[in-house]
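A short write-up of the structure that comes next.
What follows draws every value from the coordinates through simple rules; no lab data is involved. On a predicted model such as this, the values are computed, not experimentally measured, just so you know. Note that we place each Cβ from the backbone using ideal geometry, even for glycine, and neighbour counts take in every protein chain shown.
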Amino acid sequence: MRFRFRLDPVLGQRERVETERAGEHARTLADQLAAQQTHDALLERRHALRAQLTADHATFDVETLRATYAHLDYLDRALAASQQRVNACVAATERARQRLVVAAKDRKVLATLKDRRRESFDRDVALAEQRELDDANARAYERTTQTEGRDP
């Protein structure tokens, strides 16, 4: 006798859904990390430019100062946009993580049910085998007691 879990197709579907959700989560996390790296690079460029401006302010001519301040304004706007992108990516990653958790729970429920049904099946098989052995032993004992009773 072989164990068959009737909900195996459903379990397989839930495993596929969980795998898809894990892939979505991985993609959103990669997007988030890329956005964060871009943001960090912009911060570093702004910090370096401000440090250079502070250190060399007296040596810059008017046109260089104006261009430097204009570039700092550009970097500030780019940082604001970059921070919005990072925040959007964090939110998307969190949504994907929540969907993955739900999918994992759905799969785990069926996996647990399958394990419990398997254990029940194994117990039933072991019990049936034990009954067969007990019956066979009872018949063998019966035969030996009957043959011993006939021999005078």
Since Arg139 meets every condition but one in (1) surrounded by 13 or more Cβ atoms within 10 Å (Cβ to Cβ); (2) free of Cβ contacts under 8 Å to residues at least 60 places away in the same chain; (3) more than 30 Å from Ala34 (Cβ to Cβ), which condition does it not meet? (1)
Would you point out the residue of the stretch 3-20, among those that are part of a helix (DSSP H, G or I) and among the hydrophobic types (A, V, I, L, M, F, W, C), that is surrounded by the fewest Cβ atoms within 10 Å (Cβ to Cβ)? Val10
Could you tell me how many of the residues in the stretch 86-129 are closer than 23 Å to Arg21 by Cβ and surrounded by 11 or more Cβ atoms within 10 Å (Cβ to Cβ)? 29
Is the stretch 80-89 home to any residue that is part of a helix (DSSP H, G or I), within 21 Å of Thr38 (Cβ to Cβ) and among the β-branched types (Val, Ile, Thr)? yes
Being out of contact with any strand residue (DSSP E or B) (no Cβ under 7 Å at 6 or more places or on another chain), within 16 Å of Leu7 (Cα to Cα) and in a helix (DSSP H, G or I) is the requirement here; does Arg118 meet it? yes
